[in-house]
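The values are calculated or read from the model by the stated rules, or taken from the named source; none is laboratory data. Keep in mind the model is a prediction, meaning the values are calculated, not measured. With ideal geometry, Cβ positions are generated from the backbone for all residues, glycine too; neighbour counts draw on all protein chains shown. Please note that ligands, DNA and RNA were not included when accessible areas were found on the heavy atoms of the full protein model with its side chains. Shrake-Rupley method; radii C 1.70, N 1.55, O 1.52, S 1.80 Å.
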Amino acid sequence: MSAECSSYLNADKVLVSGFSCPRTGGDTRAVYCCGFQDVKYCCDDPHSFFPYEHSYMWWLSVGALVGLSIAAVVLFAFIITVCVLCYLFISTKPRSKLDTGLSLQMAGKTSC
């Protein structure tokens, strides 16, 4: 079994000629043509997207988790601060109503 990888333009806009999989002197199990429009290679899994190990993805994941954790802590601190300030604002308001100077009486009644 073999596959044909058609020619393509790589990221530097250089034409790479087509080739057959498996390549001469390469892995005999790599019978599929894998890759993208700007990079193609022979692989042993037709659903493979990357020709290299995925270990770098772990470090990206750890970095993303650390960044998200820091963002979550900052957001949590902001929410706590807003809640504390709201509580202090409400609890320090004067509780007595201001006297407007007007007495409340029912209209139409006269005092004798």
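Numbers at a glance
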| item | result |
| --- | --- |
| Residue in segment 81-95 that is at pLDDT 90 or above, of a type in the set (S, T, N, Q) and open to solvent by 70 Å² or more (accessible area, probe 1.4 Å) present | yes |
| Near pairs, Cβ below 6 angstrom, 6+ apart or cross-chain, from segment 20-43 (surrounded by 19 or more Cβ atoms within 10 Å (Cβ to Cβ)) to any residue that is among the acidic types (Asp, Glu) | Ala30/Asp44 |
